[in-house]
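**Student:** Below is the structure I would like to discuss, written out as structure tokens.
The values are calculated or read from the model by the stated rules, or taken from the named source; none is laboratory data. As the structure is a computational prediction, the values presented were derived from the model and not from experiment. With ideal geometry, Cβ positions are generated from the backbone for all residues, glycine too; neighbour counts draw on all protein chains shown. Only protein heavy atoms, including side chains, enter the accessible area calculation; ligands, DNA and RNA are left aside. Shrake-Rupley method; radii C 1.70, N 1.55, O 1.52, S 1.80 Å.
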Amino acid sequence: MAPSPAPRPDPGQPAPDDAGLRALARTPAQAFRHGMVQALPFLIVIVPFAVLFGVVALEAGMDLAQTMGFSVLVLAGASQFTAVQLMTDNAPIFIVILSGLAVNLRMAMYSASLVPWLRDAPAAQKGWLAYLLIDQSYALAIQHYERHPRLSVRQRMAYFFGTAMALSIPWMAATWAGATLGRAIPDDIALDFAMPITFLAMIAPMLRTAAHLVACFVAISAALLFAGLPSGLGLMIAAPLGMAAGALVETWTERRKGQMS
């Protein structure tokens, strides 16, 4: 699918509305705080998800340092669960690494769509962005950038870091809580509800075009079709199939628009 629209102001763009004017008037510090506030609702699912990871890692035989190392260094919940499960099953280390990379393949897509908006950011900030990039911070940031395309790069980066800080630190703290207090959590508390809910909350508002819907449908269908493949290989197949289908639909749509204009 095509990347997000050009981030620099376009004379053809409509004048910003009241919300756009407020966004443009924010200093980077205010944009940071705004990002933090907008990320807070995601804690409803982030915290139990992280607690669940701490519990699962503890039951898998990992100690506190190893569990926290996962959440601090990897900072990617789905791939953390995948890696722990495979290690519990005594899978070869290359399968563990390959599966973790497959689960996190979406991060490459996220990064590509952020390039038009953040290409002029300092290299050091891009490095921190790569470390802090998670599903929720990406979803909030890309929607914010598309809603307010006239923001400066400093405002965009500040907003992203605000969302990332509001989510990453509680993730680490909740992982610690799960790893240290997990045995006291009753078995009938279903913490694993957090993962599907958080993805639904992020993805649903972003399915705005036919290309998005086709990419989603093809990826889901392929993931279900190849669910029986070992070690996350089905996801490695489903993700590029979804991207290719979305790209084809968007290319076809753009050609039709060109022919009609």
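**Student:** Using the 2.2 N^0.38 Å rule of thumb for compact globular proteins, work out how segment 47-146 stacks up: its C-alpha Rg over that value, please. Mind dumping the intermediate values first?
**Tutor:** Numbers: Rg = 15.4 Å, N = 100, 2.2 N^0.38 = 12.7 Å.
Rg over 2.2 N^0.38 Å, computed on Cα atoms: 1.21.
**Student:** A further question on this structure: Taking 0.36 nm per residue of separation and subtracting the Cα-Cα distance, what length does fully extending residue 119 through residue 150 add?
**Tutor:** Values: separation 31, 0.36 × 31 = 11.16 nm, distance 1.47 nm.
Between residue 119 and residue 150, full extension yields 9.7 nm more.
**Student:** For residue 43 and residue 248 in one chain, what is 0.36 nm times their gap in residues minus the Cα-Cα distance, to one decimal in nm? Kindly include the intermediate steps, with their values, before the conclusion.
**Tutor:** Working: separation 205, 0.36 × 205 = 73.80 nm, distance 3.58 nm.
Full extension from residue 43 to residue 248 adds 70.2 nm.
**Student:** When the Karplus curve 6.51 cos²θ - 1.76 cosθ + 1.60 is applied with θ = phi - 60°, which whole-Hz ³J(HN,Hα) does each residue of segment 54-70 get, with x for Gly and Pro?
**Tutor:** Working through the residues one at a time gives x, 5, 5, 4, 5, 5, 7, x, 7, 8, 4, 5, 5, 5, 5, x, 4 Hz.
**Student:** Looking at segment 33-84, I'd like the Rg to Rh ratio, where Rg is from alpha-carbon atoms and Rh is Kirkwood's inverse mean 1/r. Walk me through the numbers before you get to the answer.
**Tutor:** On the way: Rg = 12.5 Å, Rh = 11.8 Å.
So for segment 33-84, dividing Rg by the Kirkwood Rh gives 1.05.
**Student:** Non-local amide H neighbours of residue 134 (under 5 Å, H modeled in plane, Pro and chain starts lacking H): which ones?
**Tutor:** It is none; the list stays empty.
**Student:** How large, in percent, is the carbon and sulfur part of the accessible surface of segment 71-159 at a probe radius of 1.4 Å? Walk me through the numbers on the way to the answer.
**Tutor:** Numbers: 2610 of 3940 Å².
Percent of accessible area from carbon and sulfur atoms in segment 71-159: 66.
**Student:** So which trypsin sites (Lys or Arg not before Pro) in segment 93-165 end up in coil per DSSP with only 14 or fewer other C-beta atoms within 10 Å? Intermediate values should be presented prior to the final figure.
**Tutor:** Details: sites: 106, 119, 126, 147, 150, 154, 156; in loops: 119, 150.
When the trypsin sites (Lys or Arg not before Pro) of segment 93-165 are filtered for loop state and at most 14 Cβ neighbours within 10 Å, 119 remain.
**Student:** Ok, one more. May I ask you to derive the FRET efficiency for residue 256 and residue 212 from their Cβ-Cβ distance with R0 = 22 Å, giving the value to the nearest 0.05?
**Tutor:** Values: r = 17 Å, r/R0 = 0.76.
For residue 256 and residue 212, the calculated efficiency is 0.85.
**Student:** Which whole-number value in Å² is the accessible area per residue of segment 127-178, probe 1.4 Å? It would help to have the intermediate numbers written out before the result.
**Tutor:** Numbers: 1700 Å² over 52 residues.
Solvent-accessible surface per residue comes out at 33 Å².
**Student:** Can you grab the distance from the C-alpha centre of segment 245-261 to the C-alpha centre of segment 144-166, Å, no decimals?
**Tutor:** One Cα centre to the other: 29 Å.
**Student:** Let me ask something else about it. If I ignore ligands, DNA and RNA and count only protein heavy atoms, how much of residue 224 is accessible to a 1.4 Å probe, in Å² to the nearest 10?
**Tutor:** Rounded to the nearest 10, the figure is 130 Å².
**Student:** A follow-up question, please. Hey, rough spin-label estimate for residue 91 and residue 72, points 7 angstrom out along Cα→Cβ, what's it come to in nanometres?
**Tutor:** 2.6 nm
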